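Student: Attaching a single structure in structure tokens format; questions to follow.
The values are calculated or read from the model by the stated rules, or taken from the named source; none is laboratory data. Keep in mind the model is a prediction, meaning the values are calculated, not measured. Glycine also receives a Cβ, built like all others from the backbone with ideal geometry; neighbour counts cover every protein chain displayed.
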Amino acid sequence: MSNTAILFPGQGSQEAGMGRDVAEHSKEAMELWKKAEKISGLPLRAIYWESDDATVMADTRNLQPALTVVNLTLWQELASRLSPVCCAGHSLGEYSALAASGVLSPEETLELVSLRGRLMADADPDGKGGMAAVLKLKRDVVEEVVKSVAESTGELLIVANHNTPAQFVISGTKDAVAAAVPAIKERKGRAMPLAVSGAFHSPLMKNAAHELAGALEKMSWNRPRFAVYSNVTGKAVTDGESLRELAKVQMISSVLWIDTVTNQWNDGVRSWVEVGPKGTLSRMVKPILEAIPAEEEYTVVAVSSLEAVQAFA
């Protein structure tokens, strides 16, 4: 596959049993699970392989190191079969992209996501923040609603995720999110509150982001082997220092996924391979490209299991 971008999913892509097939096939993959458990101090394999407790699996403390291991072990199996020109990851998935491109080692990545998971879980002890998915409205309408609600309530509210031209996530204080729901419905949109522990990807995460920045500074940031498209800018980045600085603000910034995929297309990408469970991101590519509109042919493949790796050509 020429001109291929690798995509790594983030929170929401977890599922029971994830990564087990790869780990039982590969000693290297199993070792990475063990390292993740040691670094995080959590029984990750027991949580994801031997339990079906969706609440525990969705806990960001457990999820961040576990999903990162799944993404990276799938990538280790797949890496010899293709030569990507770039990569990107959605929110948490960006850390998998940093590891896959050689910017950070797998161990450093696991340290960071384990810390990030704890910080995000503890960032809002008073439960002031909330998030909601917004469907069926265009980007400019969602932005207008968010601006209007923030001004009328005096509360913080931003568009946290620009996922597709008809799928967004808003983030801010619970009062602001609640006030946005009727305004979204008025415009024939749909709003669904999300079960999260805080207002992720908003300035309400600034204390957590500040603490994470200290850990980011301590890591060795290498030049990527291929470009990493940043969530914060949606643009290709080709040096480690810039990626480190962008990582410092990622937690308080919007995820510009529409811009990421659009810019990859404009930069010549014609094939996308999602590496991770569920295939969530691969389903987002088509609506983004349809909005451009993309005239040439392209391919989108989800590689979510050992079987999918082995079938990959």
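Student: Identify, from the list TRP265, TRP272, TRP257, the residue that is within 17 Å of ASN161 (Cβ to Cβ), of a type in the set (Phe, Trp, Tyr) and at pLDDT 95 or above.
Tutor: TRP257
Student: Separate question: Taking the stretch 91-109 on its own, how many of its residues are part of a helix (DSSP H, G or I) and closer than 22 Å to GLY198 by Cα?
Tutor: Total satisfying the criteria: 3.
Student: Return the pair list, or none, for Cβ contacts closer than 8 Å from residues in the stretch 206-217 that are over 14 Å from LEU246 (Cα atoms) to residues that are surrounded by fewer than 16 Cβ atoms within 10 Å (Cβ to Cβ), at least 6 apart or on different chains.
Tutor: Here the result reads ALA208/ASP122, each pair linking the stretch 206-217 to a residue that is surrounded by fewer than 16 Cβ atoms within 10 Å (Cβ to Cβ).
Student: Need at least 2 residues that are under 24 Å from GLY102 (Cβ atoms) and basic (Lys, Arg) per element, so show me which helices (runs of 4 or more DSSP H) inside the stretch 6-71 make the cut, counting only ones lying wholly within it.
Tutor: Passing ranges, in order: 27-40.
Student: Next question, about the same structure. Has the stretch 81-90 got at least one residue that is at pLDDT below 95, farther than 26 Å from ALA208 by Cα and outside any loop (DSSP other than H, G, I, E, B)?
Tutor: Yes, the stretch 81-90 contains a residue that is at pLDDT below 95, farther than 26 Å from ALA208 by Cα and outside any loop (DSSP other than H, G, I, E, B).
Student: Out of curiosity, is ARG139 in contact (Cβ under 8 Å) with a residue 12 or more places away in the chain, closer than 19 Å to TYR229 by Cβ and charged (D, E, K, R)?
Tutor: Yes, satisfied.
Student: Here is a follow-up. What do you reckon, is ARG61 modelled with pLDDT under 95 and either out of contact with any Pro (no Cβ under 7 Å at 6 or more places or on another chain) or surrounded by fewer than 18 Cβ atoms within 10 Å (Cβ to Cβ) (or both)?
Tutor: no
Student: Okay, next question. Looking at (1) over 19 Å from GLY127 (Cβ atoms); (2) at pLDDT below 95, can you tell me which one VAL196 breaks?
Tutor: All conditions pass for VAL196, except number (1).
Student: Here's a follow-up. Give ARG223, ARG187 a once-over and let me know the one that is closer than 23 Å to ASN263 by Cα, modelled with pLDDT of 95 or more and more than 18 Å from the chain's Cα centre (by Cα).
Tutor: Selected residue: ARG223, the only one of ARG223, ARG187 that is closer than 23 Å to ASN263 by Cα, modelled with pLDDT of 95 or more and more than 18 Å from the chain's Cα centre (by Cα).
Student: From the list GLU274, GLU295, pick out the single residue that is among the acidic types (Asp, Glu) and surrounded by fewer than 18 Cβ atoms within 10 Å (Cβ to Cβ). Let's see the steps before the verdict.
Tutor: Numbers: GLU274 fails: surrounded by fewer than 18 Cβ atoms within 10 Å (Cβ to Cβ).
Just one listed residue meets the conditions, GLU295.
Student: Can I ask one more? Scan the stretch 53-80 for residues that are within 22 Å of VAL285 (Cα to Cα) and of a type in the set (D, E, K, R) and report the count.
Tutor: Qualifying residue count, the stretch 53-80: 0.
Student: Note down all Cβ pairs under 8 Å where the first residue falls in the stretch 81-96 and is farther than 17 Å from TRP221 by Cα and touching a residue at least 24 places away in the same chain (Cβ under 8 Å), the second is among the charged types (D, E, K, R) and surrounded by 24 or more Cβ atoms within 10 Å (Cβ to Cβ), and they're at least six residues apart or on different chains.
Tutor: Qualifying pairs under 8 Å: LEU92/ARG116.
Student: Can you find a residue in the stretch 43-58 that is among the charged types (D, E, K, R), in contact (Cβ under 8 Å) with a residue 24 or more places away in the chain and loosely packed, with under 15 Cβ neighbours inside 10 Å?
Tutor: yes
Student: Separate question: What strands (runs of 3 or more DSSP E), lying completely within the stretch 122-236, carry at least 1 residues that are closer than 30 Å to GLU111 by Cβ and among the small types (Gly, Ala, Ser)?
Tutor: Fully inside the stretch 122-236 and qualifying: 129-135, 157-164, 167-173, 227-229.
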